[in-house]
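The values are calculated or read from the model by the stated rules, or taken from the named source; none is laboratory data. In this text the structure is predicted, and so the values were computed from the model without any measurement. Backbone-built Cβ (ideal geometry, glycine too); neighbour counts: all protein chains shown. Ligands, DNA and RNA are excluded from the accessible area calculation, which covers all protein heavy atoms including side chains. Shrake-Rupley method; radii C 1.70, N 1.55, O 1.52, S 1.80 Å.
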Amino acid sequence: MDTSSLAPLIEKIRSILEFVRSEEALQADLIAPVQPRYRESARNLLHYLALRTFDLRDIQEELSSLSISSLGHSEGYTLTNLQNILRLLQLLNGEQPDEFDFKSPLDYRSSKAKLREHTLDLFGRHRRNEGSRIMVTMPSEASEDYEMIHGLLLAGMDIARINTSHDSSLEWYRMISNIRLGEQETGKSCLIYMDLSGPKFRTESVAPVLPEKDYARFFEGDVLQLVKSDSGVLSDPDKIRVEVLLPEIFRDTREGHRIYFDDGKISGLVTKVEPDLITVKITRAGVEGSKLRADKGINLPDTPISLPSLTDADHANLPFIAANADIVGYSFVRRPSDVAQLQEELHKLNREDIGIILKIETKEAFENLPMLLLTAMRNPKVGVMIARGDLAVEIGFERIAEVQEEIMWICEAAHVPIIWATQVLEKLAKKGTASRAEVTDAAMAARAECVMLNKGPYIVNAVATLEDIAIRMEKHQFKRKGNLRPLSVAKRFWAQTTVGSKQ
């Protein structure tokens, strides 16, 4: 083996190792407040973020050519892996390995054990001891249809998701009662996950073109007008009227901003903004037009929204959630201060023990993910949901595959479990048949600690299918591996913490 080029490689690894260690040491104030059980995970997250400010692709190629363990396998135990690589290179070069006065207790096995421990704390014991849990969004019918709940539990549902954007506390209580009865009768356990609604803009009503329809159909070039609900403002009779609830959309939106409806099925551009009325020109829709109904989401990726992440509705619903749920989903969380606010509210309700899921569904949340995690780790149970629907609209559909991988890397570095969500086996749940692309996506989703399915008339079949796919995929893979270009999210984190930069 030709080892003539090892000296420069050894110096590169040593330099990276020293940088990783020094950056962690400078951030002791970020680690101190986290729960003791997350201390080493927080340190490792900082190690990984420091590592990923480098372009490691050439280094990884050199290591692979020497059959030395790749840097791409070390998210969960970054410092130990760097030290092991340096030691192996020095031995290959006939050198005495460095003696380190600092060590991490994490290695390959213990990092996997740490992630399993945190997953078990958050999601409970798995019926197969290993593999992805299955979360199912409860439809309104779940408050009345016990047989559906019974079927879902037998098919493999581990967690029931109740979205507080829909129904009322009465329906939520009935859903939970049916789930608890189902647990008794089937012997299957099921956690209750409740989503806060968050500052989500939605269509309240859509004036249909045809009176007998409950929707309007839009084509490219059409013009609609968003109107503040109950404002009494008259829209142009030649344009389709769409009412929205949250008034902040009229305060924050500007001419030229992009706007998307119904998870990006309809795209538009804001052409005029008035105090209670926004005019939008449709720039993309289906060839045969796209339907827009009431209660569909609105995304404004160019608009900095001034709404708090905890809305008045969320404050009103938190006591019910605290009394009945095992896990709370934090919708449209954006900043570390948002997480701190929820923690304060849960403290008031004596539910610091409840699991907190950070739903990553905006560009801002993705860019702030490291600090969101470090703040959330002040609680004993933490997870992350990759909410691909809103996130794809916010960052661009062409980037969603890349971004969801980065989220998985960062969460593995923090030993935080992931929920893979949005449109998993969607066609199967709604239409009864799955496309090849859906099955492939579901197989990819099985790398996460939990996979979320949405509601649909064939949801029991979808759960059974996902369970089968998960069992098969568990035999083939654990997480994922990738190339090691520098991550913008890592560079941004260190820039925001105003720590010294490498030369």
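Can you tell me how many residues within segment 304-327 are modelled with pLDDT of 90 or more and either among the basic types (Lys, Arg) or touching an Asp or Glu at 6+ places or on another chain (Cβ under 8 Å) (or both)? Full working, then the answer.
Applying the first criterion (modelled with pLDDT of 90 or more) to segment 304-327 yields 310-327.
Filter again for either among the basic types (Lys, Arg) or touching an Asp or Glu at 6+ places or on another chain (Cβ under 8 Å) (or both), leaving 310, 315, 318.
Residues in segment 304-327 being modelled with pLDDT of 90 or more and either among the basic types (Lys, Arg) or touching an Asp or Glu at 6+ places or on another chain (Cβ under 8 Å) (or both): 3 in total.
Within segment 153-206, the only residue that satisfies the criterion of being closer than 17 Å to ASP326 by Cβ, under 25 Å from the mean Cα position of the chain (by Cα) and open to solvent by 50 Å² or more (accessible area, probe 1.4 Å) is SER189. If you scan segment 1-27, which residues turn out to be farther than 17 Å from PHE100 by Cα and open to solvent by 60 Å² or more (accessible area, probe 1.4 Å)? Hits for segment 1-27 are MET1, ASP2, SER4, SER5, PRO8, LEU26.
Look at segment 345-358: where a residue is part of a helix (DSSP H, G or I), no partner that is surrounded by 21 or more Cβ atoms within 10 Å (Cβ to Cβ) and of a type in the set (Phe, Trp, Tyr) sits 6+ places away or on another chain with Cβ atoms under 9 Å.
Given the conditions (1) free of Cβ contacts under 8 Å to residues at least 60 places away in the same chain; (2) surrounded by fewer than 19 Cβ atoms within 10 Å (Cβ to Cβ); (3) touching a Ser or Thr at 6+ places or on another chain (Cβ under 8 Å); (4) within 30 Å of LYS265 (Cβ to Cβ), which single one is not true for GLN341? In the conditions (1) free of Cβ contacts under 8 Å to residues at least 60 places away in the same chain; (2) surrounded by fewer than 19 Cβ atoms within 10 Å (Cβ to Cβ); (3) touching a Ser or Thr at 6+ places or on another chain (Cβ under 8 Å); (4) within 30 Å of LYS265 (Cβ to Cβ), GLN341 misses (4) alone.
Go through segment 242-273 and give me each residue that's hydrophobic (A, V, I, L, M, F, W, C) and touching a residue at least 40 places away in the same chain (Cβ under 8 Å). I'd like the intermediate steps shown before the answer.
The first filter runs over segment 242-273 and keeps only residues hydrophobic (A, V, I, L, M, F, W, C), leaving 242, 244-246, 249-250, 259, 261, 266, 269-270, 273.
Correct list: VAL242, VAL244, LEU245, LEU246, ILE249, ILE259, PHE261, ILE266.
What number goes with the only condition from (1) hydroxyl-bearing (Ser, Thr, Tyr); (2) open to solvent by 70 Å² or more (accessible area, probe 1.4 Å); (3) closer than 20 Å to LEU391 by Cα that TYR260 does not pass? Checking TYR260 against (1) hydroxyl-bearing (Ser, Thr, Tyr); (2) open to solvent by 70 Å² or more (accessible area, probe 1.4 Å); (3) closer than 20 Å to LEU391 by Cα, the one that fails is (2). Of everything in segment 263-295 that is open to solvent by 70 Å² or more (accessible area, probe 1.4 Å) and assigned to a loop (DSSP other than H, G, I, E, B), the residue that is nearest to LEU391 (Cα to Cα) is LYS265. Please work out which one of (1) open to solvent by less than 10 Å² (accessible area, probe 1.4 Å); (2) under 24 Å from ALA50 (Cβ atoms); (3) outside any loop (DSSP other than H, G, I, E, B) is the condition VAL393 fails and give its number. Of the numbered conditions (1) open to solvent by less than 10 Å² (accessible area, probe 1.4 Å); (2) under 24 Å from ALA50 (Cβ atoms); (3) outside any loop (DSSP other than H, G, I, E, B), the odd one out for VAL393 is (2).
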